[in-house]
Amino acid sequence: MKVSAACVVEYDSIDDLYVLYGKGGQDVTISDLPKPVLHIGEGSNLLFTGDFPGTLLHSGIRFIRQVFPGSADASGLTADRESQERGASVFYEVGAGVPMDEFCAWAAAKDLWGPENLSHIPGEAGASAVQNVGAYGVEAKDIIYSVNCFDTVLCRTVSFRSEECGYGYRESLFKTDRKGRYIITSVVFRLSEFSGPVLGYGHLKSAVEAAAGQGGVTPSLVRDTIIGIRREKLPDVSELGSAGSFFKNPVVPRSAYEKVLSIARLEHGEGCNVPHFEAGSGFVKIPAAWLIEQCGWKGYSEGNAGVYSRQPLVIVNLTGNASPDEIISLENRIMASVKEKFDILLHPEVEHI
Ligand SMILES: Cc1cc2nc3c(=O)[nH]c(=O)nc-3n(C[C@H](O)[C@H](O)[C@H](O)COP(=O)(O)OP(=O)(O)OC[C@H]3O[C@@H](n4cnc5c(N)ncnc54)[C@H](O)[C@@H]3O)c2cc1C
């Protein structure tokens, strides 16, 4: 089902933001536009629950340029090559409106390591720094050096180093009570010509080795292998609408995991194991997909909405006509069944607007 917004504004530069937020001497500023104001990327992680009465902002800032460690600007980086030493890392500033996968492809083509495991994740570079996107053992925070923003409250630019961004699993400063205050204008990524692949996740190593054959492992090879795996597991959004993983993987105390294990063993026998990952200090992360599948949702469909048959973490818009209510009703029923069976509360990863 289509929804609409009262107003959509795409801007192309930081100067445009100064104008919009009232420092350009213009007559029409953000205060004149419909409220609320929401900055979006590609909208791939958003569920609009109805028409949006306010203003959607979107970044048209699109560039990729190399920058060098230094102290010439707020981010601690300068584009002045001559005045800087070059280390093992190379730094690239990417405009917030650049599709993240375009940057991943660009880096792989240049034989630079860093973002290859994040290949094929929908969305833009700016949003990747909001979401701390992650896949195949790498999170955006692992390669983000700094995030450049426009502060809509103080009407000035500000830069945060990665360690100031409060990064956690799909969490960041930009999703806290300060959400909406900072518009990300560009992200500085730290890449490397030498660091090599990160292949510790699942069967990625064997898949990459099989693809490499006698040849060497390159960023492009890792990227292509990951794209192949993702195409197997995830629906192509151009054919089947989805927001990717609908729920976060729950991080629970070990006692809650042991309870899940005993429920699973009662049902499937003593040999049954529950997939899980250590999450530090007595906590365990359980794949939400496994919990949902155990509740019988994999491949389920009703009306226009359903649960993807190859990945139960993904709720799909089967016909393209699913209403927000159909998606939300399915979401609620999945959450209720996981809670009832395993006493675990799932939290949506998708942002409801
Ligand atoms: C098929 C599919 C597969 C996916 N796979 C993965 C995956 O493997 N790993 C993963 O982590 N995610 C995955 N996702 C989720 C999604 O791709 C990410 O969350 C992505 O970062 C969203 O980018 P976007 O540009 O669409 O942002 P949107 O969905 O439009 O916005 C996301 C958030 O960022 C904010 N935002 C966007 N741009 C800016 C800006 N410039 N300044 C300030 N705030 C901003 C928005 O307000 C919103 O809060 C997947 C989604 C789909 C549909």
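Taking (1) more than 12 Å from the ligand (Cβ to nearest atom); (2) outside any strand (DSSP E or B) in turn, His120 satisfies each apart from (1). Scan segment 161-180 for residues that are within 11 Å of the ligand (Cβ to nearest atom), in a loop (DSSP other than H, G, I, E, B) and closer than 13 Å to Ser128 by Cα and the total you get is 3. Listed conditions (1) β-branched (Val, Ile, Thr); (2) within 11 Å of the ligand (Cβ to nearest atom); (3) within 29 Å of Gly202 (Cα to Cα) are all met by Ile143, apart from (2). Of all the criteria given as (1) in a loop (DSSP other than H, G, I, E, B); (2) out of contact with any helix residue (DSSP H, G or I) (no Cβ under 6 Å at 6 or more places or on another chain), the one not satisfied by His58 is (1).
Here is a yes/no grid of residues against (1) farther than 22 Å from Val307 by Cα; (2) aliphatic (A, V, I, L, M); (3) surrounded by 13 or more Cβ atoms within 10 Å (Cβ to Cβ):
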site: Pro235; (1), (2), (3): no, no, yes
site: Phe246; (1), (2), (3): no, no, yes
site: Ser255; (1), (2), (3): yes, no, no
site: Lys259; (1), (2), (3): yes, no, yes
site: Ser262; (1), (2), (3): yes, no, no
site: Leu266; (1), (2), (3): yes, yes, no
site: Glu270; (1), (2), (3): yes, no, no
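The set of residues in segment 101-123 being on the phi > 0 side of the Ramachandran plot and not small (Gly, Ala, Ser) consists of Asp111, His120. Does Val158 qualify as being more than 13 Å from the ligand (Cβ to nearest atom), touching a residue at least 12 places away in the same chain (Cβ under 8 Å) and over 20 Å from the mean Cα position of the chain (by Cα)? Answer is no for this residue.
For segment 15-23, state whether one or more residues are part of a loop (DSSP other than H, G, I, E, B), at pLDDT below 95 and among the hydroxyl-bearing types (Ser, Thr, Tyr). Taking every residue of segment 15-23 in turn, none turns out to be part of a loop (DSSP other than H, G, I, E, B), at pLDDT below 95 and among the hydroxyl-bearing types (Ser, Thr, Tyr).
The values are calculated or read from the model by the stated rules, or taken from the named source; none is laboratory data. Just so we're clear, the structure is a prediction, and the values are computed from it rather than from any experiment. Using ideal geometry, Cβ is built from the backbone for each residue, glycine included, and neighbour counts are taken over all protein chains shown.
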